[in-house]
Structures are given as structure tokens and as C-alpha cells.
1. Can you tell which of B:101, B:108 is at pLDDT 95 or above, away from chain A (no Cβ under 14 Å) and within 29 Å of residue A:77 (Cα to Cα)?
2. Would you check if residue B:6 is surrounded by fewer than 16 Cβ atoms within 10 Å (Cβ to Cβ) and without any contact (Cβ under 8 Å) to a residue 24 or more places away in the chain?
3. Would you confirm, using the coordinates I've provided, whether residue A:110 is surrounded by fewer than 20 Cβ atoms within 10 Å (Cβ to Cβ), assigned to a helix (DSSP H, G or I), more than 16 Å from the chain's Cα centre (by Cα) and in contact (Cβ under 8 Å) with a residue 12 or more places away in the chain?
4. Being closer than 26 Å to residue A:112 by Cβ and surrounded by 17 or more Cβ atoms within 10 Å (Cβ to Cβ), is that true of even one residue in the range A:30-38?
5. Got a sec? Which of A:94, A:142 is within 14 Å of chain B (Cβ to nearest Cβ), modelled with pLDDT of 95 or more and either touching a strand residue (DSSP E or B) at 6+ places or on another chain (Cβ under 6 Å) or more than 29 Å from residue B:53 (Cα to Cα) (or both)?
6. Scanning for something in contact with a strand residue (DSSP E or B) (Cβ under 7 Å, 6 or more places away or on another chain), over 26 Å from residue B:120 (Cβ atoms) and surrounded by 17 or more Cβ atoms within 10 Å (Cβ to Cβ), does the range A:71-79 turn up at least one residue?
């Protein structure tokens, strides 16, 4: 992807048994996000998504002990049924966040026969942040979430 | 603009005797950028602008001693004749830059009678960067540039 891809990015690729439009629909329906967006026992208890370039995203995650993690971000690129790009570098258009941590690129590639190649890439501004994200359990976490997404998307 | 506007942003506002569409045209014509984008004796010797959300910008500034400062960035929001938003946080869509320094919001507000309110805002991720930008001469520099832009825009 770029010169610093190896040191600055993390990626999950998975082939799914669901058409791209259903995966995209599941991704962009805030009311259903609670069913798949977190690895259990964490859950999403509030989600607001203004899905357009410059639109805001707010996702509240709650842990088993009542911990709350609010996530603010904005969408940078929206290609229906194909691609979503968002970042936490802004809390709304174009207000800088306290700490730009990553940009996420989520791609849905139609493989035919109702199958989709799902690629989720996290791009970080620093090698340290990439490392921290990996140690926070990126591969396991995003993997669990991808599995949950696949199941929920089938119900759309 | 936001809670941290006072500590994180710098702004230049000027009323200009040129219609908004001419100012926008001057801003978005790379071949003419060398005539106004730098305070002299600095000059722009190369400019490439792919003016659309996610499009890349590359501007090479050269100083009187042959110093070269390449500027890479991307456009985040483009509203013809009204608004341009760009940042150095990405070198292309969506590759993180080495150091996200600022987001620039340039607005052209039609005041009627061929006059325009020109507002250029630099939003920084940290208070330190805002301070550094101010000490680098933001107000004088962007002021000179705004004056040069106004003159060049009249020739469009």
C-alpha cells in the first residue's frame, strides 16, 4: 500500500459467505452495530453514524464492569457497497482530535456467487501506535468482530 | 468553531475586492500558484493539485538560497467557489504522513457587489504546533499571501 505499510499498518483479510451489499448494510446500520462491533463481553450501547465524507461517527462501547469507551471519528471516503474509510484524527469535520491514532479502510470486494473478500486495514501515524494496537489484540479482536459481522450480515 | 479553537487554531479573515469564483479559480489553478502562494523571496516551483476529496496536493517551495520545501497533502472537502479543506496528515489517500501538523479550511463567502469574505483557518492537533506556527509567522505570512491572491485573482 505504501512505503511504511509494513511498519505502520495492520490488516485483516477474510473471505465471507455473504454478498458485499449485505456486509455494507450491516456495517452502516447503527441500530444493529451492538450485535457485532465488539468482542464480547464488551458491547456497543450507542451508535450514531452520519455516513458521508466529513460525516461524524460516535460509538459508545461498554465493558462488563461498566467501563465506557466513547469513540469519536469521521468518515473520509464512502463508496456504497465497496469501501468505508474513517479516522479518529477528527472528532467532527474538521476539528482535530486529541490524539490521531488511526485511519481504518474497510473494503468489500465482490467475489461472485454471493461471496465477498473483506479487508480491514488500520493505518497508524507512528510505528509505536501500530505496535500498541497489535498488542491490544488487533488480530484476535478484529477477527472476532469480522466473524460476528459475517453472521449478522446474513440476516439483512 | 470548537472547544479548542482558541488554543489550537489560527485564523486570517479578509474582505477582498474580487468575486468568490475568481478567488477559488486562482486557488485551484496550479500553473498560477507560483504567483501568489509564498511570501517573496520564496516561490513555488512545482504544483500538482488533484482537487477532489481524497485527491493529492504537492507543492514545492524554493527559497532564495536554493532551499527546497516539499509539501504533501490531500484535500478533504471541496465545495467549488465556497470552500477548500486540506491537510498534511496524509501524503495520499489514505497514507498517514510522518507528522500531522495541520488542517487548513479556506472559505470564500460572497458578499455581493463583487466582494468576498476570505477566511483561512489553520487547525492544529496540538497547542505546541499552533504556537510554533504562529511563531513561524502565520499572521504575517498568510496575510501577505492573501494580498497576493487578491491581486492575482483579479486577472482571472
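1. Numbers: B:101 fails: away from chain A (no Cβ under 14 Å).
One residue alone meets the criteria, B:108.
2. On the way: surrounded by fewer than 16 Cβ atoms within 10 Å (Cβ to Cβ): yes; without any contact (Cβ under 8 Å) to a residue 24 or more places away in the chain: yes.
It is true that residue B:6 is surrounded by fewer than 16 Cβ atoms within 10 Å (Cβ to Cβ) and without any contact (Cβ under 8 Å) to a residue 24 or more places away in the chain.
3. Working: surrounded by fewer than 20 Cβ atoms within 10 Å (Cβ to Cβ): yes; assigned to a helix (DSSP H, G or I): no; more than 16 Å from the chain's Cα centre (by Cα): yes; in contact (Cβ under 8 Å) with a residue 12 or more places away in the chain: yes.
It is false that residue A:110 is surrounded by fewer than 20 Cβ atoms within 10 Å (Cβ to Cβ), assigned to a helix (DSSP H, G or I), more than 16 Å from the chain's Cα centre (by Cα) and in contact (Cβ under 8 Å) with a residue 12 or more places away in the chain.
4. Taking the range A:30-38 as the starting set, the residues that turn out to be closer than 26 Å to residue A:112 by Cβ are A:32, A:36.
Subset that is surrounded by 17 or more Cβ atoms within 10 Å (Cβ to Cβ): A:32, A:36.
Among the residues of the range A:30-38, at least one is closer than 26 Å to residue A:112 by Cβ and surrounded by 17 or more Cβ atoms within 10 Å (Cβ to Cβ), which makes the answer yes.
5. Details: A:142 fails: within 14 Å of chain B (Cβ to nearest Cβ).
Exactly one of A:94, A:142 is within 14 Å of chain B (Cβ to nearest Cβ), modelled with pLDDT of 95 or more and either touching a strand residue (DSSP E or B) at 6+ places or on another chain (Cβ under 6 Å) or more than 29 Å from residue B:53 (Cα to Cα) (or both), namely A:94.
6. Filtering the range A:71-79 for residues in contact with a strand residue (DSSP E or B) (Cβ under 7 Å, 6 or more places away or on another chain) gives A:71-78.
Restricting the remaining residues to those that are over 26 Å from residue B:120 (Cβ atoms) gives A:71, A:78.
If we keep only those that are surrounded by 17 or more Cβ atoms within 10 Å (Cβ to Cβ) too, we end up with A:78.
For the range A:71-79, residues in contact with a strand residue (DSSP E or B) (Cβ under 7 Å, 6 or more places away or on another chain), over 26 Å from residue B:120 (Cβ atoms) and surrounded by 17 or more Cβ atoms within 10 Å (Cβ to Cβ): present.
The values are calculated or read from the model by the stated rules, or taken from the named source; none is laboratory data. No experiment lies behind these values; they were computed from the predicted model shown. Neighbour counts are summed over all protein chains in view; Cβ atoms, including those assigned to glycine, are modelled from backbone coordinates with ideal geometry.
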